[in-house]
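Asker: Mind looking over this structure? Questions follow.
Readers should treat all values here as calculations from the given coordinates under stated rules, not as data from a laboratory. If you're wondering where the values come from, they're calculated on a predicted model, not measured in any experiment. Note that we place each Cβ from the backbone using ideal geometry, even for glycine, and neighbour counts take in every protein chain shown.
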Amino acid sequence: MSTTQTPPVLAAELAEAWADIQRYHPELPDLAAPESLIGESSSACGHELSFERLLHEAVHGIAASRGIRDTSRAGRYHNRRFLAIAEELGLDHPEEPHPSSGFSLVTLTPEAKRRYRPTIERLQRALKAHSVATAADTSRTFRGPAARHGSSGGGVRVKAVCDCGRNVRVVPSVLAQAPIVCGGCGKPFRIPEVVGAAAS
């Protein structure tokens, strides 16, 4: 029973950590679907959910708000525009880009670790509690080939839209678990392609 309650708690902690980043970077858009990060891995953006990964996602959020294309090759290759914003947020990268993922493997600078220490510690506690709560169920659940082999961790993200025209990228299976509500209009996000396919 506690396992079913854990994802909302972790989602709340992710949202709080995101709000902490927004205090330093007000142009960062709201995180519409914190639960979409739970259980999702991407070889381009980092396999494990952590504050470092959250800050990485925030770089993409700021790039989107500025209208900057920070990746190519279907989102795998992180270019120098991504790196420039990453440096603003307190992330660093080795000098040479990776051949296939570019500057995606960013790490927290010492200054960012100091700035976000309370946030990092709080999120680590929530992630540890989540992994302990879900570990007991792994032998009785089927995760699917994508999750087992660590590809895009549970599925490819697609565009979901709301009535006011905003959109988010989300894994369809995550959206199927519970509605993701738009902070602008209060209506749930929908995936038009999935709706159309279900009707046919």
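Asker: Under 5 Å between amide H atoms, partner at least 5 residues away or on a different chain: which partners does His98 have, H built in plane at 1.01 Å?
Answerer: Phe103, Ser104
Asker: Summing +1 for each Lys or Arg and -1 for each Asp or Glu, what net charge is found among the other residues whose Cβ lies under 13 Å from the Cβ of His25?
Answerer: -3
Asker: OK, next. Take peptides 24-37, 117-130 and line them up by average Cβ neighbours within 10 Å, highest first, as a rough protection proxy.
Answerer: Going from most to least packed, we get 24-37, 117-130.
Asker: Sorted by average packing, counted as other Cβ atoms within 10 angstrom per residue and highest first, what order do 50-60, 10-20 take?
Answerer: Highest mean packing first, the order is 50-60, 10-20.
Asker: What residues qualify as long-range amide H neighbours of Cys162, i.e. H under 5 Å apart, gap of 5 or more or another chain, H built at 1.01 Å from N?
Answerer: Counting only residues 5 or more places away or on other chains, the set is Arg190.
Asker: Highest first, please rank the peptides 108-115, 81-88 by the mean number of other Cβ atoms sitting within 10 Å of their residues.
Answerer: Packing order, densest peptide first, comes out as 81-88, 108-115.
Asker: Net charge near Gly102, counting Lys/Arg +1 and Asp/Glu -1 over other residues with Cβ under 11 Å of its Cβ?
Answerer: +2
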